[in-house]
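Taking it in order: structure first as structure tokens, then the write-up.
The values are calculated or read from the model by the stated rules, or taken from the named source; none is laboratory data. Predicted model only: the values in this text are computed from it and were never measured. Every residue, glycine as well, gets a Cβ built from its backbone with ideal geometry; the counts of neighbours run over all protein chains shown.
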Amino acid sequence: MNIVLLVVDTLRADHLSIYGYHRDTSPHLTALAARGVRFDRCFAQNNATHPSFTTLMTGLHPLNHGIVGHMGRRQLDNRIPVLAEVLRENGYRTCAVDTMGRWFRRGFDDYRRYVFDQRETGPMRSGEQANDLAIDLLRQANRGDRPFFLFVHYWDPHTPYLPPSPFDRLFEQDGAPDSGLQGSAALSPAFAFQPLARYLRRWMGDAPSLDAVVACYDAEVAYTDHCVGRLLDELDAPGLRDDTLIVVTGDHGESLGEHGIYYDHHGLYDPQLRVPLIVSQPSQLPEGTVVDAVVRHLDVAPTILDLAGLAGRMPCEGVSLRDCIGGRAHPAGESILACEATWQLKLALRRPDWKLIRSLQPDEYGNPPIELYDLLSDPREERNVAGERPEVADDLGREMDAMVARELALGGHRRNPMEDGITLRPIFAQMDADDDAAMRAGVVEHLEAEGYLAPREVYTPEEEALIEERLSNLGYL
């Protein structure tokens, strides 16, 4: 059996038409789900790319594997196996299309890295770049005598929301002004978070309204769905689909103005944590199945290994979702522990009825250190009831503490990885409002503080490559 894992960056489940969204953003993913299983309540354990991808590839919680923030000085311990390594050891040809480098290269026979200019102000076509490489790998792998594992990382619909034609006009009428304000006044709420204000102004340009910006996000989702469809068609052409396990998910979601957070993914609210998960394998899995059980990124790797006949070959903390597909409850229950250390330092405990968010340092938006939401009556998490229901906050706090202690013990950490602090603000704090060079200077200063670079006037080609990698991996340029 072949395996294809597609991870779409910054993909909210509730902005896919298959999850009931009013815009038709995802016809190809809808068709894929009709041939497989859709999980309606899948949650990430972090809201940034590096931690989430590491969890997807290890089956371990971020507090266990130690990668809790995007970028940062921590590296994944080489003693922790990753999915590609296990599959390669068990006879798979492993290949990847990705942008991140670092430990994400591990285990791949052929790792194709694509780089796209994230400073562009015009249409971006990174999905097509990924597909060109992926289709070449797919055709090569199909000529071999081993099953293959193909991993593809689609960057769209990450900011900047600059979809190419004809997608740029797809939802134009739906993005009508949402207030009487026009131009910069209409967009001003998006610029309240100062570290991202300059970046947002550059690519948002003269958008007529915040609704129009959200329409561009949806257009990016539709563009990415189109790219996924092209890759699925390639699998159909040689008749591979029936013998291929296809898994599609998002690494995290995105805030589109909720809680005053615009076009980024910090905060541990549901728009950042709820992600799609679709699994299709016609010879093993029922078609057109919808699973309502709460599932996690932790469960993706063990599910892939189980369906490949390799259950137990990797020490995953998550579990195979095969039984959930059959109608059983998740054996770990419905409590989800999430963390973030990229822009803010926070923990969250989510149950189907309540969400507790705890800030470990002052919140950049002025939110209180404890937030409690009644998800049954307030699914949009708009009313903090921590002061009204202290007994619930205390109960969830004890459960959170126990879960954190368990994860740290499983990881064997002498020191909580969250104590390393946040990873991106030290870089962006160096930025001048309108100076591109200041971003590079901030990255260089951060690398020097981490011990990766020694201060000097001219860097070697290898050091320059590291600086460029960090700039690229920021995802905000």
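Scan the stretch 1-24 residue by residue and report those that are more than 18 Å from the chain's Cα centre (by Cα) and not charged (D, E, K, R).
Selection gives Met1, Asn2, Ile3, Ser17, Ile18, Gly20, Tyr21, His22.
Being surrounded by fewer than 20 Cβ atoms within 10 Å (Cβ to Cβ), over 22 Å from Gln272 (Cα atoms) and either of a type outside the set (Asp, Glu) or modelled with pLDDT of 95 or more (or both) is a property that Asn2 lacks. Only residues that are part of a strand (DSSP E or B) and aromatic (Phe, Trp, Tyr) were counted in the stretch 73-117, giving 1. Within the span defined as the stretch 274-293, every residue fails to be in contact with a Pro (Cβ under 9 Å, 6 or more places away or on another chain) and either aliphatic (A, V, I, L, M) or modelled with pLDDT of 95 or more (or both).
The numbered conditions (1) under 18 Å from the mean Cα position of the chain (by Cα); (2) part of a helix (DSSP H, G or I) are all true for His70 except (2). Residue count for the stretch 188-236 satisfying the condition of being free of Cβ contacts under 8 Å to residues at least 60 places away in the same chain, more than 18 Å from Leu162 (Cβ to Cβ) and of a type in the set (Asp, Glu): 2.
Results for (1) touching a Leu at 6+ places or on another chain (Cβ under 7 Å); (2) buried (at least 22 other Cβ atoms within 10 Å of the Cβ); (3) modelled with pLDDT of 95 or more; (4) small (Gly, Ala, Ser), shown as yes or no for each residue.
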site	(1), (2), (3), (4)
Pro302	no, yes, yes, no
Gly312	no, no, no, yes
Gly318	yes, yes, yes, yes
Leu321	no, yes, yes, no
Gly327	no, no, no, yes
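Checking the stretch 7-29 against the condition returns a match, with at least one residue being assigned to a strand (DSSP E or B) and either at pLDDT below 95 or out of contact with any Cys (no Cβ under 7 Å at 6 or more places or on another chain) (or both).
Screening Arg146 on (1) touching a Gly at 6+ places or on another chain (Cβ under 9 Å); (2) at pLDDT 95 or above; (3) surrounded by fewer than 14 Cβ atoms within 10 Å (Cβ to Cβ) shows it passes everything except condition (2).
Of the helices (runs of 4 or more DSSP H) lying entirely inside the stretch 371-477, those containing at least 3 residues that are at pLDDT 75 or above and farther than 28 Å from Gly66 by Cβ are 390-411. Within the stretch 56-63, not a single residue is surrounded by fewer than 24 Cβ atoms within 10 Å (Cβ to Cβ), assigned by TED's automatic domain parsing to the domain that holds Arg93 and more than 13 Å from the chain's Cα centre (by Cα). Please determine whether any residue of the stretch 135-144 is assigned to a strand (DSSP E or B) and either in contact with a helix residue (DSSP H, G or I) (Cβ under 7 Å, 6 or more places away or on another chain) or of a type in the set (Phe, Trp, Tyr) (or both). No: the stretch 135-144 contains no residue that is assigned to a strand (DSSP E or B) and either in contact with a helix residue (DSSP H, G or I) (Cβ under 7 Å, 6 or more places away or on another chain) or of a type in the set (Phe, Trp, Tyr) (or both).
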